[in-house]
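These notes are about the structure you will find just below.
The values are calculated or read from the model by the stated rules, or taken from the named source; none is laboratory data. What you see is a predicted model, and the numbers here were worked out from it, not measured in a lab. Please note: Cβ atoms are built from the backbone with ideal geometry, for glycine as well, and neighbour counts cover all protein chains shown.
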């Protein structure tokens, strides 16, 4: 699957995992953004350091790429306060500095610098995927972010292919796909772990009135207003995810089963509606 098709599939998949609700300004560290008075000084300092204080290609490549982290922070903050034009300006600077970093890397061939750029690029892909999902109401801006994301990944793969070979370039593509599919996952596809014992959703309480429940090493999820214990009936549940066994057609509408012999436990009882999910023991 080529990069364009890969990104399209990942974009659709990630929309199921990432909320498109815009962050508030309080959720993101405030930074100077394009269009403000202080930003001219930021640009001047970056230019001075790169052009007057740095000579070696590998050092310039590293500094350019470090600056792209700030560009991502600028985009996130500008988006959170509704400054779409500032997002676009920071995106353009990001694109230019990233391209310059790759060009300088090809000249220097510094492996340590390349490793740092690879790691930084993957983390930036995570942030930018979440960003472009939040700005889906602005189609032109979103498409610009998507375009730059794909371009940067292609540039990364090209440089990695030159210095480390096709297998390492393919590994960058795989890790990028995981992040595009779900920005909350790490590069191996692992999601953040939940507490070992109990975690109840806001407004819920112990006793099966809602929340996340861990019993006997398996994960069970009750929708708010449902309870644990008993056997699922037609009146009590419409969707069940079992670790084994077979549910009859008149018991539930949808059944997803994993490879295990034991049957689902802790299903909703009574006349309540909800979803029950159990993982592998």
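Could you please let me know if residue 100 is free of Cβ contacts under 8 Å to residues at least 12 places away in the same chain, under 22 Å from residue 58 (Cβ atoms) and assigned by TED's automatic domain parsing to the domain that holds residue 56? Walk me through it before giving the result.
On the way: free of Cβ contacts under 8 Å to residues at least 12 places away in the same chain: no; under 22 Å from residue 58 (Cβ atoms): yes; assigned by TED's automatic domain parsing to the domain that holds residue 56: yes.
Taking the combined requirement at face value, the residue does not satisfy it.
Out of all the residues in the range 22-74, which are within 23 Å of the chain's Cα centre (by Cα) and modelled with pLDDT of 90 or more?
As a first pass, look at the range 22-74 and keep what is within 23 Å of the chain's Cα centre (by Cα): 22-31, 65-74.
Correct list: 31, 65, 66, 67, 68, 69, 70, 71, 72, 73, 74.
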query = Does the range 100-122 contain any residue that is in a helix (DSSP H, G or I), in contact with a helix residue (DSSP H, G or I) (Cβ under 7 Å, 6 or more places away or on another chain) and under 14 Å from residue 87 (Cα atoms)?
reply = no
key: Every residue from the range 139-168 that is free of Cβ contacts under 8 Å to residues at least 12 places away in the same chain and under 18 Å from the mean Cα position of the chain (by Cα)   = 142, 143, 147
ask   = Among (1) crowded, with 19+ Cβ neighbours inside 10 Å; (2) at pLDDT 90 or above, which single condition is residue 208 missing?
value = (2)
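Listed residues 171, 136; which is within 18 Å of the chain's Cα centre (by Cα) and outside any helix (DSSP H, G or I)? Talk me through it step by step, then tell me what you get.
Working: 171 fails: outside any helix (DSSP H, G or I).
Criteria check complete, one pass: 136.
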